[in-house]
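Everything below concerns the one structure shown next.
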Amino acid sequence: MLRYRSNLEKVLSEGTFAITAEIGPPKGADPQKIESKAALLLGHAHAFNITDNQTAVVRLSSFGGCLLLLNKGLEPIMQITCRDRNRIALQSDALAASAHGIHNVLCLTGDHQQFGNHPSAKGVFDIDSVQLIQMLHNMRDQGIFQNGEAISAGKPELYLGGAANPFADPFELRVQRLSKKINAGADFIQTQSVYNLEKFAQWMDEVRSQGLDKKIHILAGLTPLKSVKMAERMKFYVPGVDVPDSLYQRMKQAKDPQEEGKTIALELIQKIKQIKGIRGIHITALFWENIIPSLVKESGLL
Amino acid sequence: MIISKQKPLTDILNAIGDGPVFIIGCSECATLCQTGGETEVLALKKMLENKNILVTGWIVLDPACHLNNSKRLLKSHKQEIEKACKLLVLACGNGVQTVADLYEKKTIISGTDTLFLGQIKRTTSYEKKCTMCGECLLDLFAGTCPISLCPKSMLNGPCGGAKNGKCEIDTELPCIWDIIYQRLKEKDNLEIFQIIQQPKDWSKSHEMRRSF
């Protein structure tokens, strides 16, 4: 029998269409904020990302949030960024995660501190996301630290994820970045939220033509639009997101934008599912986590 | 070139207080940046005198960061410097500290903020180029430094934030990885991009050392 490090690894390895969902930790120490979301989402996805001070705003840590999820019986994906920690702290946190039963890690470079609520902070960026993936992969598979020294007391058992943005520039480098993350040792990928299906399909065509979809499990990102204001923010202000005019107009003209946002999300899910090589959906419902159960149910994902 | 900018006048005035003050400029970088050349030194002198602050004298060192040369040049202003209780230095942090090494008992006032090691694009327009990391990687990236020019110092390609070739941090700035990509493509050298660049060896930097 195959031994899997996590349920997410099992689901993806067995070819089940995987659902992951993001849970944003609170700007405070109240565990209830995560526990109530956990209660709402239990059973509605295979694993749950806890973000690591996303957009460089101080929140309860990803590690701490993952422990709260584990206590409630949800499988966590610990997001870990290079913005706030150097290679020493990153490796140390990876060991601690594995020791506590957190076995999925999403490796990111991280949003720049300028976007957050402490723009006067010094960013670390000692290593980048590709190097982070390779470092954790070498810890897991070769049992060595970044400096080449042997890990003497237990290799971390980690299922390694990375991010991909098919919509950023230069487009020619987007598939190459994916390829680099695969070579660095990533097991799964969660993409930037997909709105521009045409561009996403174009990226996936290139991914398949290089056979990369056979080497890594790709989960397409999905962020339902809750309001016209949110559509505006995503279209004009969030770096790396590509909201086509047609979707933006639909949101603007809708009588009930929230309902329209959900309809659009359901349409996107159906179309994304049909793209060859996509192995799952990663739902980031910003400030709208309670839509996830119905979205998953109505789209027949789970 | 060490790029600097003059501190706000109110900050300089607050630091000087009642004076008296001796003003020191620099003939090199601070002159080219128009922050501490003769013109700026004299302008500041006039401004201080208009506020009834005694300026005992002034000099433009050639350059301020040359310890022995500065020592020699300042000797000829011995009396003027003795009369001043504060030395206002219009040079980069390097020049300010060189003067501080020479006058341990005087109050040293830095009249500039030192910004970066960079290029003069045209008069009063500068661009950062080098972080002095101690191990040059420019051969790999078509002569363009991602450690210095990418806000996230990414060595393995662009983050996901660039839009229309512009950096997510400042939409006026081109994404440096976009430029590296174009230049590598021009040189038919894109395969470099496929190599995973290893974490940088920061022990090569002079962060932990003081002299060479």
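I want to verify the translational diffusion coefficient of chain A in µm²/s; compute it with Stokes-Einstein, Rh as the Kirkwood radius over Cα pairs, at 25 °C and 0.890 mPa s.
125 µm²/s
Tell me the mean residue ellipticity at 222 nm calculated for chain A from its helices only (DSSP H runs of n ≥ 4, each -39500 (n - 2.57), averaged over every residue, nearest 500).
Estimated from H runs of four or more residues: -12500 deg cm²/dmol.
Once Rh for region B:133-200 is found with the Kirkwood sum over Cα pairs, what is the Stokes-Einstein diffusion coefficient at 4 °C and 1.567 mPa s, in µm²/s?
106 µm²/s
Nearest 0.05, what FRET efficiency do residue A:35 and residue A:89 give at R0 = 30 Å with Cβ-Cβ as r?
0.65
Could you give the radius of gyration (one decimal) and Dmax (whole number) of the Cα atoms in chain B, in Å?
Values for chain B (Cα only, Rg and Dmax): 21.4, 65 Å.
Pairs of Cα atoms under 8 Å, at least six residues apart: use those to get the relative contact order of region B:133-200, whole percent.
29 percent
Working only with C-alpha atoms, what are the Rg and Dmax values of region B:51-131, expressed in angstrom?
Final numbers for Rg and Dmax: 14.5, 42 Å.
Take peptides B:77-83, A:272-278 and line them up by average Cβ neighbours within 10 Å, highest first, as a rough protection proxy.
For the peptides B:77-83, A:272-278, the packing ranking is A:272-278, B:77-83.
Cα atoms only, region A:103-249: Rg and Dmax in Å?
For region A:103-249, the Cα-based Rg and Dmax read 17.4, 58 Å.
Rounded to the nearest 0.05, what FRET efficiency is calculated for residue B:42 and residue A:122 with R0 set to 41 Å and r the Cβ-Cβ distance?
0.65
Given the pairs B:128/B:163; A:235/B:166; A:235/B:121; A:180/B:152; A:262/A:297; A:271/A:297, which are separated by over 24 angstrom at their Cα positions?
Violating the 24 Å Cα-Cα cut-off are A:235/B:121.
Please compute, over every Cα-Cα pair in the protein assembly as shown, the percentage with a separation greater than 43 angstrom.
Everything past 43 Å amounts to 31 percent.
In degrees between 0 and 90, to the nearest 10, how far off the longest principal axis of chain A does helix A:129-141 point, with axes built from Cα atoms?
Orientation of helix A:129-141: about 50 degrees from the principal axis.
Just the number, please: percent antiparallel of the DSSP beta bridges in chain A, rounded to the nearest 5.
5 percent
Add -39500 (n - 2.57) for each DSSP H run of 4 or more in chain B, then divide by its residues: what number comes out at 222 nm, to the nearest 500 deg cm²/dmol?
Calculated mean residue ellipticity at 222 nm is -8500 deg cm²/dmol.
May I ask you to list the residues of region B:78-105 whose amide nitrogen lies under 14 Å from a point 7 Å from Cα along the Cα→beta-carbon direction of residue B:71?
B:98-104, by backbone N distance to the label point.
Can you tell me the convex hull volume per residue for region B:2-115, based on C-alpha atoms, in Å³ to the nearest whole number?
In region B:2-115, the Cα convex hull volume per residue is 79 Å³.
Given points 7 Å out from each Cα along the Cα-Cβ axis, report the residue A:57 to residue A:229 separation in nanometres with one decimal.
So the two model labels end up 1.2 nm from each other.
Antiparallel as a % of all DSSP beta bridges within the protein assembly as shown, to the nearest 5?
Taking every DSSP beta bridge with both residues in the protein assembly as shown, the antiparallel ones total about 20 percent.
Using the beta-carbon distance between residue B:83 and residue B:104 and R0 = 22 Å, what value does 1/(1 + (r/R0)^6) give for FRET efficiency, to the nearest 0.05?
Using R0 = 22 Å, I get an efficiency of 0.80.
Computed from the coordinates by the stated procedures, all read-outs in this text should not be read as laboratory data. The structure presented is a predicted model; accordingly, all values stated were derived computationally and were not measured. As a convention, Cβ positions derive from the backbone with ideal geometry for all residues, glycine included, and neighbour counts pool all protein chains shown.
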